[in-house]
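K.L.:
This is the structure I want to talk about, given as C-alpha cells.
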Amino acid sequence: MVTKHLMDDEVQQYAVNKFSCEKRIAEHIHLCGECRSKVEVYQLLITGIKQQPQPAFNFDLSKSVLQQLPSQEAKTANDSLLIWLFIFTGISFTGGGLYFFRNYFKYFFEGIETILGFLIVVTAVMVLAGLYLDMYKKYRKEMKVLDMG
Amino acid sequence: MQHFRNQPVKWQVNNITGQNTTDRELVERVLGGETNAFGIIIKNTENLVAKIIFEMINNDGDRKDIAQDVYLKAYQKLPGFKFQSKLSTWIGQICHNTCIDHLRKKKMILAENIYEPEAESANELLDMMNTARGNFDKPVDTLVIGKNISEIVKKKIEKLPTIYRTLISLYHKEELSYDEIGMITGLPPGTVKSYLFRARRELRNDLLLHYKKEDLW
C-alpha cells in the first residue's frame with residue numbers, strides 16, 4: 001500500500017520516459033490521482049517544448065563558410081611549384097656532385113658484384129622515396145593547419 | 001548507469017547526395033582536400049548549432065558571426081579530431097565554447113551566472129509549490145483560456161537562465177543523451193540531469209502560477 005506521494009524528480013522521470021521508471025513509480029501513479037495530475041502537467045509542458053519551432057539561420061551558412069575556406073586550387077598550385085623546386089634542386093645537387101666527383105666514382109663500385117650493386121641502388125631509391133612521401137604527407141597536414149591559423 | 005537514450009548513430013544521411021556517410025569518411029574526405037565534404041558536415045550539424053546559438057545569443061548579427069566562426073574553427077581543428085565522440089557532438093562543443101567566449105567578451109555571463117544557477121532553498125521551493133497549488137482555485141476569468149500551449153511554454157522558456165534553456169533545447173528538442181549534452185556543455189552528466197529537473201520544475205511552477213491546470217488543455 002502506497003502512503004507517500006512521489007518526489008518531484010520521480011514524477012518528472014515518469015513524465016519524460018515512463019518505460020525507464022521503476023515499477024513502484026508506475027504503480028503509484030496508476031493509483032494516485034494527485035501524482036497523476038502532476039505527471040499530466042509535465043507531459044503537457046514537454047509537448048509544449050517539443051512544439052517550439054526549429055530555429056534556423058536566415059542565410060546559407062554552408063555557402064558562406066565554404067567561401068571563407070582557403071582555396072584548394074591555389075593551394076595545389078603552390079604545392080606543385082614547391083615540389084618541382086625540390087625536384088630541380090635535388091637533381092642539380094646530385095648531378096653536380098656526380099660530375100665533380102666522377103673520377104672517384106670510377107673506382108667506387110670496383111670489387112662489388114653487379115647484382116649486389118643493383119640491390120644497393122634499388123634499396124636506396126625505395127628508402128628515399130618512402131622518406132620523401134612521409135615528409136610530404138606531414139608537410140600537407142601541417143600546412144592545412146597553418147593556413148587556417 | 002546508462003545515460004544514452006539512443007544507440008550512438010554511426011551513420012549519417014548525407015543531405016546532399018542522400019547516401020549514408022560515416023563521420024570518419026567525411027573527415028577523411030575533408031582532410032584530403034575535398035571542401036565540399038565539409039559542406040555536408042555543415043548541413044548535417046547546422047540544426048544543432050542553430051539550437052545552441054539561438055538559446056545563448058540574442059543578437060541576430062552576432063548569431064551569424066558566431067555560426068560562421070564555429071565552422072571555421074571546426075575546419076581548422078579537424079586534423080586533431082580523434083573520433084572519441086560523434087562529429088556533431090564535437091562541433092556542438094566548439095559552438096557552446098564559442099558562445100561562452102562571446103558572452104564573456106561582452107561581459108554578459110557574470111550577470112546571469114549561467115554555470116551556477118541559484119539553487120532554490122527547500123522553503124522557497126515549498127512556497128512556490130503552495131502558490132502554484134493555490135492557483136487551482138483561482139477564478140477562471142482571471143486566467144487566459146484556450147491559449148496555445150506552445151506559445152505559453154515559449155514565453156516561460158524565455159524567462160529561464162541561459163544554461164537551462166540550452167539544456168531543455170538539447171534534451172527535449174534535439175533529443176541528445178545526458179552524456180552528449182555533458183560533452184557539449186562541459187558539465188558532468190549528473191549535473192545536466194539535475195539542472196534539467198530544476199528547469200522543468202521552474203517551468204511547471206511558472207505555468208501553474210499563471211494558469212489553472214484545466215486552462216492549459
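The values are calculated or read from the model by the stated rules, or taken from the named source; none is laboratory data. Everything numeric in this text was worked out from a predicted model, so none of it was measured. Glycine gets a Cβ as well: all are built from the backbone with ideal geometry, and neighbour counts include every protein chain shown.
K.L.:
Any idea which of B:Gly61, B:Gly33 is without any contact (Cβ under 8 Å) to a residue 60 or more places away in the chain and at positive phi? Show your work before the answer.
P.N.:
On the way: B:Gly61 fails: at positive phi.
Step by step, each of B:Gly61, B:Gly33 is checked, and only B:Gly33 is without any contact (Cβ under 8 Å) to a residue 60 or more places away in the chain and at positive phi.
K.L.:
Please enumerate the residues belonging to the stretch B:143-194 that are surrounded by fewer than 19 Cβ atoms within 10 Å (Cβ to Cβ) and of a type in the set (Ser, Thr, Tyr).
P.N.:
The answer is B:Ser150, B:Thr191, B:Ser194.
K.L.:
While we're looking at this one, here's another question. Which members of the stretch B:22-53 meet the condition of being at the interface with another protein chain (Cβ under 8 Å from one of its Cβ atoms), of a type in the set (Val, Ile, Thr) and over 25 Å from B:Ile163 (Cα atoms)?
P.N.:
Answer for the stretch B:22-53, where residues must be at the interface with another protein chain (Cβ under 8 Å from one of its Cβ atoms), of a type in the set (Val, Ile, Thr) and over 25 Å from B:Ile163 (Cα atoms): just B:Thr35.
K.L.:
Kindly establish whether B:Lys106 is modelled with pLDDT under 90, more than 10 Å from chain A (Cβ to nearest Cβ) and surrounded by fewer than 16 Cβ atoms within 10 Å (Cβ to Cβ). Steps first, please.
P.N.:
Working: modelled with pLDDT under 90: yes; more than 10 Å from chain A (Cβ to nearest Cβ): yes; surrounded by fewer than 16 Cβ atoms within 10 Å (Cβ to Cβ): yes.
Taking the combined requirement at face value, the residue satisfies it.
K.L.:
Moving to a separate point now. Just for helices (runs of 4 or more DSSP H) wholly inside the stretch A:34-136: which have at least 1 residues that are on the phi < 0 side of the Ramachandran plot and modelled with pLDDT of 90 or more?
P.N.:
On the way: elements: A:61-68, A:72-100, A:102-108.
It comes to A:61-68.
K.L.:
Okay, next question. Assuming B:Lys77 fulfils every condition listed in (1) in contact with a helix residue (DSSP H, G or I) (Cβ under 8 Å, 6 or more places away or on another chain); (2) among the charged types (D, E, K, R); (3) closer than 15 Å to A:Asp60 by Cα apart from one, which condition is it?
P.N.:
Condition (3) is where B:Lys77 drops out.
K.L.:
Can you confirm whether A:Arg24 is more than 10 Å from chain B (Cβ to nearest Cβ) and exposed (fewer than 12 other Cβ atoms within 10 Å of the Cβ)?
P.N.:
On the way: more than 10 Å from chain B (Cβ to nearest Cβ): yes; exposed (fewer than 12 other Cβ atoms within 10 Å of the Cβ): yes.
Yes.
K.L.:
Step by step: first the residues of the stretch A:53-63, then only those that are surrounded by fewer than 17 Cβ atoms within 10 Å (Cβ to Cβ) and of a type outside the set (A, V, I, L, M, F, W, C), then the one that is nearest to the chain's Cα centre (by Cα). Which residue is that? Don't jump to the end; show me each part of the working.
P.N.:
Step one: of the stretch A:53-63, the residues surrounded by fewer than 17 Cβ atoms within 10 Å (Cβ to Cβ) are A:53-56, A:58-60, A:63.
Subset that is of a type outside the set (A, V, I, L, M, F, W, C): A:53-55, A:58, A:60, A:63.
Values: A:Pro53: 32, A:Gln54: 28, A:Pro55: 27, A:Asn58: 28, A:Asp60: 24, A:Lys63: 21 Å.
This residue is A:Lys63.
K.L.:
Okay, next question. Among the residues of the stretch B:55-67, count how many are facing another protein chain (nearest Cβ under 9 Å) and surrounded by 18 or more Cβ atoms within 10 Å (Cβ to Cβ). Don't jump to the end; show me each part of the working.
P.N.:
Pass one, the stretch B:55-67, residues facing another protein chain (nearest Cβ under 9 Å): B:55, B:60, B:63-64, B:67.
Within this subset, residues satisfying the condition of being surrounded by 18 or more Cβ atoms within 10 Å (Cβ to Cβ) are B:55, B:63, B:67.
So the count comes out to 3.
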